[in-house]
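> Below is a structure I'd like to ask you about.
We did not get these values from a lab; they are worked out from the coordinates using the rules stated. This one's a predicted model, so the numbers in the text were calculated from it and none came from an experiment. Positions of Cβ are backbone-derived with ideal geometry, glycine not excepted, and every protein chain shown enters the neighbour counts.
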Amino acid sequence: MPDIKVTPLGAGQDVGRSCILVSIGGKNIMLDCGMHMGYNDDRRFPDFSYITQNGRLTEFLDCVIISHFHLDHCGALPYMSEMVGYDGPIYMTHPTKAICPILLEDFRKITVDKKGETNFFTSQMIKDCMKKVVPLNLHQTVQVDEELEIKAYYAGHVLGAAMVQIKVGSESVVYTGDYNMTPDRHLGAAWIDKCRPDLLISESTYATTIRDSKRCRERDFLKKVHETVERGGKVLIPVFALGRAQELCILLETFWERMNLKAPIYFSTGLTEKANHYYKLFITWTNQKIRKTFVQRNMFEFKHIKAFDRSYADNPGPMVVFATPGMLHAGQSLLIFKKWAGNEKNMVIMPGYCVQGTVGHKILNGQKKLEMEGRATLDVKLQVEYMSFSAHADAKGIMQLIRMAEPRNMLLVHGEAKKMEFLKDKIEQEFSISCYMPANGETTSIVTNPSVPVDISLNLLKREMALGGPLPDAKRPRTMHGTLIMKDNSLRLVSPEQALKELGLSEHQLRFTCRVQLHDPHSDNDTLGRIYTHLKSVLKTYSIQHVPDGTVIVESIVIKVTSSAEEPNLKVILLSWSYQTADSTATKKKKIQL
Amino acid sequence: MSAHINHVVVVLQQVSLEEVPAKKLRLTKPSKSAALHIDLCKATSPTDALQYLLSFARRPVEAESVEGVVRILLEHYYKESDNSVRLKIASLLGLLSKTQGFAPDCIVDDAINTLNNEKSHQVLAQLLGTLLIIGTQLPDKIAVVQRLIDVACKHLSSTYFGVRNKCLQLLGCLGTVDKPLSKETDAGPGAQTSHVRDVQSVISDYFQDQDPRVRTAAIKAMLQLHERGMKIQQTIYNQACKLLSDDYEQVRSAAVQMVWVLSQLYPESIVPIPSSNEEIRLVDDSFGKICHMVSDGSWVVRVQAAKLLGSMHQVSPHFLEQTLDKKLMSDLRRKRTAHERAKELYASGEFSSGRRWADDAPKEKVDTSGVNLIDSGACGAFVHGLEDEMYEVRISAVEALCSLAQSSPSFAEKCLDFLVDMFNDEIEEVRLQSIHVLRQISTHITLREDQLDTVLAVLEDSSRDIREALHELLCYTNVSTKDCIQLALVELLKNLTKYPTDRNSVWKCLKFLGARHPTLVLPIVPELLSTHPYFDTPEPDMDDPAYIAVLVLVFNAAKSCPTMPALFSDHTFRHYAYLRDSLSHLVPHLRLPGRKQTASSGLEASGVGSGSLESAQNFLQDSLVRVSALQNLETPGAQDLLEFTIRDLLRLGELQTELAGSADFCATYLHCQLLLTKWLSFDDLEFLYSGLETQQIATIHNVRLQAKALQLILTARSKPGVDRVLGACEKFLQDVESFQRLFMTELPHFQDSFVEKLLELMPRLTTCKPLDLVKILQTTLRQSGFIHLKLPEQIHRASATIIEPTGESDNPLKFTTGLVVALDIDATLEHVQDPQTSVKVQVLYPDGQSHIIHPKPGDFRTPGPGRVRLITQVYLSHSAWTEACQIEVRLLLAYSSSSSKQSASKPAWNESMDGLPTSESCIEGTIHLSKPVKVFIMPKPARR
């Protein structure tokens, strides 16, 4: 049986380092090529040696698809394409293509320039890698080659995030990447049509969460920030430069404007300006409100939010600072956190998921003392708040997407094993479809039942129609007679006559024969005559002919009488009928016996 | 050419021979059909023919010649081989049979016959469409309808979707469910069932058609049946539910409606839950299913589902409440058994809310056999709807919430949080709508402090509509604590300083807030009035709007809290007296302890003193009774009495806003009576007050007639000359007749009145000479009694106040001569009927020029019942002036009465009326509605 094979190289029962290999209809596709935030060694990147031990990947992969620009989905791309070696096409949406290199460059700078790592990809490699990118539009079907086609759907999550449908023949896989089913201040909700894929590969970061309404969360968030600022405290919001950051900026910006607050809001890193530029550009990828109002005012032109300078962190008085990165594992956010951690008036709000091993994860789990490099310990006195602003679908959202797409099988990635287990049970029970959750390196194969397209000649169809019967119904199978010709990689169903003609064959007739022995003293001809008269009297409705050459023909049945030389009384009656009339002949025969 | 004409005549004769020969009309008016025929015969190619037909279709056809035209068209139809031409002819047939006054039953047979030989599917579909039109024209011809239905059933098995569509449409529009179809038409799609089937089951077969368009048409046909009042059977419920998960948007959209219709028809019938052996009410089941559609992939369906939810009032409360619950729902359908209730208890901790870190570690593995996350779709439907990306969906969800909350107080309580959250929506329309909705359900709810906080934050919104809607909301809101009152006051005062134009609205809001929560206001009174137990505090400034606002709140609370005045300091009492007089509509009457009645008018001494509405009403009644004792106005003292009564009534109107309308009306009426001898416009009386009964209108007309009679006498005396009087007499008699015509039913009430006498004398009046008539009139007038007013019940005086411009500005509005300047006008209108057409803005220039401006319909907004707000711009322009001067802006109420219709030509837009007297200028057909406001303007000469 044909099957679809899925092997996660990362993100299998894990969050981060998304990289999934899919083999479908003889094509190999890599979905996402991310890095892991929690590691600084080889485990950071997916293990490409799984694909091939030595040599380039080009011959093993038909294409690479990147769902969105977050580093855990595209961080290993230059490493894979330039250092391991891949020259095939890389697909991503326009905004992803624009923003991805900025993030990669930033990531490279931190790793190489700050930490002094060697054997890392260079700026040139990022550029070379981006040259291999083919941009995608929403709902545009792109033929990768003659058989493989891909199509992108809107996924919410971040600007330019896409879900991808991969199709070979009638087999298809949908990979969601990260997606969000509830719209927010700047992005719409993920949407997919009822494409009924054979397999839906979905992220499951929030597999066991059903979130409160987003307005509650927004209000809580604003209230917490407002209270701290009124108390004179400082608020640190660690974010990734793009995505949630813009969402929270819009939220705070409008709130500041409405409440007429004066405390400064800062945004760290120069990345923002570049990124905001792209947000302004790709306004069509945002939600209804921003799309409709941008003529009067582009929501991404902030009035209250200013660029951050390192020296501001020591300024007295309240302030709100957005700093990267989002999990407090390095960079500016960690620096500021160290400075402010000692004061209980201050607050840190973690607006999203934190990977195990990061400072963010530790403080969220209530650690009060943190070990820093060089044996120093840091007392955490400031308030730690968690507010799920991650634009990931929650359990209900995942269910909703499944209902929208109606897949035949389900595969969960990008989540914690325990939580996945729970969701898996739920899915299996709700939709009664099988659900898989392979670990990294583990291959899951899904048996498919691909339909084989066959061309039917119009004449044959018309003939079938003329026979009458119910109208053709797309949902019900129907039997018909015809000849299947398999020739030159194509299948055709034609009428038998046409098939004979085309193939240059002559028609063979299949006849059944049967011998019956009778004791009859009459001559052969008389016997035949008697049979003839008898049949005539029995089968009144059939046309019966006595042909002079010594046969009786009842429709297509031929009857002959012969007798052997040694025993003239023993007559052998030969019955012969064609294949088509087998059934009716049998009944007639019975009648004759009678 | 002549050959053609001959041909026409021949054809027409042939046609007429076939028919009843009496129909000569076609021969007398052959032009149209003949021309068509000629054209069609001339046509060499299908394109030509099409052109002729198209141009023919543009002209109307008289009802008499329709049949002839139809025959000609049919004739060509049979000859024509081109599909498109036949299609056009078919559509023309339908068009023609719609002609007014034409009964299409004569062409039914022909139309049906055309179907038999038609091969083209498109044409067939069009022909069926034509039949549909014919059928809808003849709904009561049962035989015809039956034939059409048979035809439709026959063609239902067509392979072309258009034909099936039209057939279903036909069945939907014409079919009846109570009568089974006849046997020979019983041709379902393959299902050759032998038993007799009705239209509904035939249509429902097509719910599973392979073509989505046909499926849609089938559901629509079913809905059509329902709309026509046919009883739809419940049997299709399951099929309709299956269609909710159809691949196609339009099918789902129609199916949602279908399910809704069924839920309204059979709310109480019981349906089984699949995959379990339990049963629920149908309305609950369908509610759950429609809730599900709120998270559909297509926003059109989502909008529809959200809207329909609002009208499902019969749904059980626990299902309703789930719509606001997004937490995992552990299948409330099974809640009845104790075992399952226990399960629900610990399943509720199953999902985390996402507000706290790491609260989402799965606890115990639940036995999930009963937990059904998806199928019980009601769960969180509104949470989804309110969070939807498209604001159309959010608005429909808000509206649905409103309608459901109005019928269920407990639901109202629950949805409060969600509605308050919507105040922060990013789209203003949604915010506004949710504020309105909260106002509508505010009787059921009490706001908590945090909710109020969120609500009040909106007061800083820059949009005036939002702020005013919020004031309106606060008027009707119940709050729970005194802190809430304080919070609201502080925010309202902030609002007042930020937007001074909101003054009236803020005051009014505080009036209601105070009157609603006297006990909550009581403990904070000292703080509000900043009084101190030992020290005298400085007297606040009486003109400070914020101080007035506080006083309005306190005084209204004090009305139903007698202990409160004890906390007032001396100046507060003084301020009360002042405000009671100057802002009587905002400050109620208070019974102040140990003090004399502050208002010392004789009126209150005579019974209104208690301040209650009832006594005021009694007083009004008494006054009218007193006046009615008068038999004749010429009795000595009668006029004095009238004058006093008028004064009393006017004063009463000022003090009792509730009765202002009635009192004013009576006063004005009496005034008119008094001033009968003078020239008076009675139009005010009739048009300025709404809610008048016919009798009262008739009374007014009576007075008008009296005045006219007087006028007539006056003309006759002062200007001798028979011609002039003759004309006037005729006009007067016409008026009398029209009075009789209009108020025939009211005549019994006019015993002894002028009109009655006049009508008695009518035969004499019409025949006699003008001078005699004048004499008769004179005596009748003197003899006629005074008609007494019955106390009017529901009278409101139409009024308008211009809020902006205030007329206080000393800075002239400067603009260049010849160009225009826009003046913003903001006015409130009360009790104006049909303001869009009747309210105009008048601009009066110092040189006597007067402009009338008709505001756009969109400029009128309705913040509350009976109140309309006009926010518009008028354009001013004038030639150069040497110095700034004031213009007057006022609102006019246009009316049209029987008498003024002939005389008053409608003033065109911006039509200037030169040469009218400036001060008392009143454009004919209009009444002054508001006081004029003066605006300084200064047209400067253009600089070159």
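> Looking at this model, which pairs from A:Lys167/A:Lys274; A:Lys194/A:Lys424; A:Lys27/A:Lys127; A:Lys223/A:Lys303 are more than 24 angstrom apart at the alpha-carbon? Don't jump to the answer; show the numbers that get you there.
Numbers: A:Lys167/A:Lys274 35 Å; A:Lys194/A:Lys424 21 Å; A:Lys27/A:Lys127 27 Å; A:Lys223/A:Lys303 21 Å.
In this structure, A:Lys167/A:Lys274; A:Lys27/A:Lys127 exceed 24 Å between Cα atoms.
> With N residues in the range B:379-534, what two-decimal value do you get for its Cα radius of gyration over 2.2 N^0.38 Å? All intermediate terms of the calculation are to be shown ahead of the outcome.
Values: Rg = 16.3 Å, N = 156, 2.2 N^0.38 = 15.0 Å.
That works out to 1.08 for the range B:379-534.
> Could I ask something else about it? Pop out the Kirkwood hydrodynamic radius of chain A from its pairwise C-alpha distances, inverse of mean 1/r, in Å to one decimal.
Computed over chain A, the radius equals 29.1 Å.
> So for A:Met259, A:Met319, fewest C-beta neighbours within 10 Å to most, what's the order?
A:Met259, A:Met319
> Just checking the output field for A:224-237: average partner chain Cβ neighbours within 10 Å of each residue's Cβ?
0
> Here's a follow-up. Please list A:279-286, A:200-207, B:888-895, B:614-621 highest first by mean number of surrounding beta-carbon atoms within 10 Å per residue.
Answer by packing, highest mean first, reads A:200-207, B:888-895, A:279-286, B:614-621.
> For the range A:102-155, what are the per-bin percents of Cα-Cα distances with bins 5 Å wide, up to the bin holding the maximum?
Histogramming the range A:102-155 at 5 Å steps yields 4, 16, 18, 14, 12, 12, 11, 9, 4, 0 percent.
> Just how many pairs of Lys in the range A:427-566 have C-alpha atoms closer than 20 Å, counting pairs that are eight or more places apart or on different chains?
Working: A:Lys462/A:Lys475; A:Lys462/A:Lys501; A:Lys487/A:Lys501; A:Lys536/A:Lys560.
Eligible lysine pairs with Cα atoms under 20 Å apart amount to 4.
> Rounded, prolate or oblate: pick one for the range A:91-235, where a ≥ b ≥ c are the square roots of the eigenvalues of its C-alpha gyration tensor, a/c under 1.5 means rounded, and failing that, prolate if a/b is larger than b/c, else oblate.
oblate
> Note the angle between two axes, namely the Cα long axis of helix A:271-281 and the longest principal axis of the Cα atoms of chain A, as a number of degrees from 0 to 90, rounded to the nearest 10.
50 degrees
> At a 10 angstrom cut-off on C-beta neighbours, averaged per residue, how do the peptides A:107-118, B:548-559, A:552-563 rank from highest to lowest?
Top to bottom by mean Cβ count within 10 Å: B:548-559, A:552-563, A:107-118.
> At R0 = 35 Å, how high is the FRET efficiency between A:Lys368 and B:Arg448 if r is their beta carbon distance? Nearest 0.05 is fine.
0.50
> In nm, to one decimal, how far is the modelled label at A:Lys274 from the one at A:Thr254, with both set 7 Å along Cα→Cβ?
Between A:Lys274 and A:Thr254, the label points sit 2.9 nm apart.
> Moving on to the next point. List, largest first, the extents of the alpha carbons of the range A:264-329 along their principal axes, each in whole Å.
Taking max minus min along each principal axis of the Cα atoms, the range A:264-329 gives 40, 26, 17 Å.
> Counting other C-beta atoms within 10 Å, which of A:Arg231, B:Arg147 has the fewest, and how do the rest follow?
Exposure proxy ranking, most exposed first: A:Arg231, B:Arg147.
> Going down the table (B:Lys814/B:Lys856; A:Lys151/A:Lys214; B:Lys814/B:Lys840; A:Lys262/A:Lys369; A:Lys224/A:Lys362), which pairs top 27 Å between alpha carbons?
From B:Lys814/B:Lys856; A:Lys151/A:Lys214; B:Lys814/B:Lys840; A:Lys262/A:Lys369; A:Lys224/A:Lys362, over 27 Å: A:Lys151/A:Lys214; A:Lys262/A:Lys369.
> Using the basic label-point model (7 angstrom from Cα toward the beta carbon), what is the B:Asp140 to B:Asp39 distance in nanometres?
Roughly 3.6 nm, to one decimal.
> Taking R0 as 22 Å, what FRET efficiency do you get between A:Asn449 and A:Glu147 from their Cβ-Cβ distance, rounded to the nearest 0.05? Intermediate values should be presented prior to the final figure.
Numbers: r = 18 Å, r/R0 = 0.81.
Calculated value: 0.75.
> Would you order A:Glu566, B:Glu67, B:Glu539 from fewest to most other beta-carbon atoms within 10 Å of each residue's own beta-carbon?
Listing A:Glu566, B:Glu67, B:Glu539 from fewest to most nearby Cβ atoms yields A:Glu566, B:Glu539, B:Glu67.
> Take the eigenvalues of the Cα gyration tensor for the range B:465-578, scale each by 5, and report the square roots as semi-axes in whole Å, largest first.
Its equivalent ellipsoid spans semi-axes of 23, 17, 12 Å.
> Partner chain Cβ atoms within 10 Å, averaged over the residues of A:215-223 - can you pull that number for me?
Counting Cβ atoms of other protein chains within 10 Å of each residue's Cβ and averaging gives 4.
> Can you give the extra length, in nm with one decimal, that the chain gains between A:Ala417 and A:Thr58 once fully stretched, where that is 0.36 nm per residue apart less the Cα-Cα distance?
126.1 nm is the gain from fully extending A:Ala417 to A:Thr58.
> Can you give the mean number of other chain Cβ atoms that lie within 10 Å of the Cβ atoms in peptide A:395-401?
That works out to 4 on average.
> A:Ser578 versus B:Ser316, label points 7 Å from Cα toward the beta carbon: distance in nm?
If labels sit at A:Ser578 and B:Ser316, their model points lie 6.8 nm apart.
> Right, here's the next one. FRET efficiency for B:Thr767 and B:Thr745, Cβ-Cβ distance as r, R0 = 30 Å, nearest 0.05?
The formula returns an efficiency of 0.65 here.
> A further question follows. Under a Cβ-Cβ cut-off of 13 Å, what is the net charge of the residues other than B:Asn113 that fall near it, where Lys and Arg count +1 and Asp and Glu count -1?
-2
> Once fully extended, how much extra length lies between B:Tyr160 and B:Glu760, figured as 0.36 nm per residue of separation less the alpha-carbon to alpha-carbon distance? Display every interim value, and only then the final one.
Numbers: separation 600, 0.36 × 600 = 216.00 nm, distance 7.68 nm.
Going from the current span to full extension adds 208.3 nm.
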